[in-house]
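Report on one structure; see the data block that follows.
No value in this document is a laboratory result; all are computed from the given coordinates. Here the structure is a predicted model, which means the values were calculated and not measured. Here the Cβ positions follow ideal geometry from the backbone for every residue, glycine too, while neighbour counts run over all protein chains shown.
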């Protein structure tokens, strides 16, 4: 099971681009990378998922280098409503998948 | 499309009492998860069901926690007897595939 490491917290300002990096040095060939967002008093919400290179959706972009030992979630032009905890998960696309959430990254966006 | 439903939203009990939580996943989602989230920590997986079978319950404290998913739809999680350290938010999630989980609002349990 690939372990993930993220910064505990980050600060940003409205309108800036935020990049949150997750390390997963022992990622396996079949593992995918998934990111979730969690607001206070709510359950986590799926943001984006990827295997390699770059994935983009209406919310965020996910950058994965060739060695896949890390990944970066990019939030363009953040607003106050992006203040939340962001979790990076790594899981096997085949066999049994046991989702493991770490402590996540607490992002605070300032006015 | 209706989301994952959970009840109750809040529960306060005394230690050594029993409590049960209910989860109704999104229709058609075969996989259901129960998580425990203690304040300041990420969700911790307690049990994972595929239809009505258990895929993983390695982190479920089986001396006091039990869960079932009869007929592969609704699920209940029970704690008996509760301890102070069980105070947490209990989250239920379901997924149609493997990685994209849909979470319910959670049940906040306070054990006094």
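Would you give the gap between the C-alpha center of the range A:59-111 and the C-alpha center of the range B:1-79, rounded to a whole Å?
24
Volume per residue, Å³, of the convex hull around the alpha-carbon atoms of chain B? All intermediate terms of the calculation are to be shown ahead of the outcome.
Working: hull volume 10.5 nm³, N = 112.
Spelled out: Cα convex hull of chain B, divided by residues, is 94 Å³.
Shielding by partners for B:102-109, please: the mean number of other protein chain Cβ atoms within 10 Å of each residue's Cβ. Walk me through the numbers on the way to the answer.
Values: counts 4, 7, 2, 3, 4, 0, 1, 0.
Going residue by residue through B:102-109 and averaging, the value is 3.
In units of 2.2 N^0.38 Å, what is the alpha-carbon radius of gyration of the protein assembly as shown? Walk me through the intermediate numbers first.
Values: Rg = 17.7 Å, N = 223, 2.2 N^0.38 = 17.2 Å.
In units of the 2.2 N^0.38 Å rule of thumb, it is 1.03.
Enter the mean number of other protein chain beta carbons within 10 Å of the beta carbon of each residue in B:58-70, as an integer. Walk me through the numbers before you get to the answer.
Working: counts 1, 2, 0, 0, 0, 0, 0, 0, 0, 0, 0, 0, 0.
Across B:58-70, the average partner-chain Cβ count within 10 Å equals 0.
What does the structure give for A:30-41 when I average, per residue, the other chain Cβ atoms found within 10 Å of the residue Cβ? Could you put the intermediate results ahead of the total?
Values: counts 0, 0, 2, 1, 4, 0, 6, 0, 5, 0, 0, 5.
For this peptide, the per-residue mean of nearby foreign Cβ atoms is 2.
Mind grabbing the base-10 log of I(q)/I(0) for the range A:46-111 at q = 0.17, 0.18, 0.22 Å⁻¹? Debye formula, identical points on the C-alpha positions, no solvent, two decimal places.
After summing over all Cα pairs, the log10 values are -0.70, -0.78, -1.08.
Between rounded, prolate and oblate, where does the range B:9-71 land on the alpha carbon gyration tensor, with a ≥ b ≥ c its root eigenvalues, rounded for a/c under 1.5, else prolate if a/b exceeds b/c? List each step's numbers first, then the result.
Values: a/c = 1.57, a/b = 1.51, b/c = 1.04.
Prolate.
With N residues in the range A:2-111, what two-decimal value do you get for its Cα radius of gyration over 2.2 N^0.38 Å? All intermediate terms of the calculation are to be shown ahead of the outcome.
Numbers: Rg = 13.4 Å, N = 110, 2.2 N^0.38 = 13.1 Å.
This ratio for the range A:2-111 stands at 1.02.
Efficiency by 1/(1 + (r/R0)^6): what FRET value for residue B:18 and residue B:70, r their Cβ-Cβ distance, R0 = 25 Å, to the nearest 0.05?
Values: r = 19 Å, r/R0 = 0.75.
Calculated value: 0.85.
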